[in-house]
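Asks: Provided herewith is a single structure, encoded as structure tokens, for subsequent inquiry.
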């Protein structure tokens, strides 16, 4: 059986001709993502722009006598619709945030359960190997302690895992190469070979791979869970839009604001609603896209940890092959 670190070979892929080039549509998408509401600082920025639009148009009306007239009835109708729309968007955002949060939390809990089972299997293997091949268990100690002290929500540093894993990986690779050269084998059909050094070495490697894969998935879940933090700024923005719409509706209804203010106020509210719609669309699409690729992302992390140095090897190294 081939060494797990060598059976997965990452092929050299030619770079696409347009790689590195920023196409116009990508620039637009990138600009929209950068300008979307993703933090409370962005909320302040967009409210500042909205107020600036209001002031600019009011000044234009005052000094250049440029006006877009709108009756009080039409203004009240439009702002009432905006209030209803912002309320509906706020409800949708709350539902999406609750669903995403619950989904990621459940997924994380399942992965943690799987990690605990994999750790128990590794610990059992270490105890089993300690009877006849204690060096295997000693080499597993450092990486086992890294896994054992993982806590939910903890940020996982791949470099730290690589360091701890290298204590076993480099030694196991050397031993596997020696066993391969000496033509030492074990037979899955022969129980007498199940306590061989080669079989214990393979089992230990398999247990570590399973635990490492769980941690890779948890790392992906931990990163994607940060995306949920973009929802509170959206909640605040929608709540303020709803409040402003209601306030301006009341003020115009009782004839406190003149017609000169109607269009600038609508422009300000429309700008804010447009930004919220763009932000909500981007956040939802990115979140769903990441959820659908989380296993693939986790696999890539695990694969990278397993085969990072494979391409530099002189040739394949084997754990003892089965007959």
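Asks: When a footprinting reagent is the concern and you count Cβ atoms within 10 Å, what order do 252, 55 take, fewest first?
Replies: 55, 252
Asks: Same structure, new question: Taking the beta-carbon count within 10 Å as an exposure proxy, list 171, 107 from fewest neighbours to most.
Replies: By the 10 Å Cβ count, ascending, the order reads 171, 107.
Asks: Rounded to the nearest 0.05, what FRET efficiency do residue 105 and residue 63 give with R0 = 51 Å and r taken as the Cβ-Cβ distance? Could you check?
Replies: With a Förster radius of 51 Å, E is 0.35.
Asks: Let me ask something else. What span do the alpha-carbon atoms of segment 39-309 cover on each of the three principal axes, reported in whole Å from largest to smallest?
Replies: 96, 30, 28
Asks: For a Förster distance of 30 Å, can you work out the FRET efficiency between the beta-carbons of residue 123 and residue 286, rounded to the nearest 0.05?
Replies: Result of the calculation: an efficiency of 0.20.
Asks: Then there is this: Contour minus end-to-end for residue 225 and residue 183, with contour as 0.36 nm per residue of separation and end-to-end as the Cα-Cα distance?
Replies: 10.3 nm
Asks: Would you please give the FRET efficiency between residue 159 and residue 116, computed as 1/(1 + (r/R0)^6) with r the Cβ-Cβ distance and R0 = 25 Å, to the nearest 0.05?
Replies: It comes to 0.55.
Asks: So, in nm, how far is label residue 250 from label residue 94 when the simple model puts each one 7 Å beyond its Cα toward the Cβ?
Replies: 2.0 nm
Asks: Now for a different question. So, in nm, how far is label residue 44 from label residue 77 when the simple model puts each one 7 Å beyond its Cα toward the Cβ?
Replies: Distance between label points: 4.0 nm.
Asks: For segment 39-309, calculate the relative contact order in percent as a whole number, restricting contacts to Cα pairs under 8 Å that are 6 or more residues apart.
Replies: Computed value for segment 39-309: 39 percent relative contact order.
Computed from the coordinates by the stated procedures, all read-outs in this text should not be read as laboratory data. Bear in mind that the values here come from a model prediction, so they are computed numbers and not experimental data. Virtual Cβ from ideal backbone geometry, glycine too; neighbours counted across all protein chains shown.
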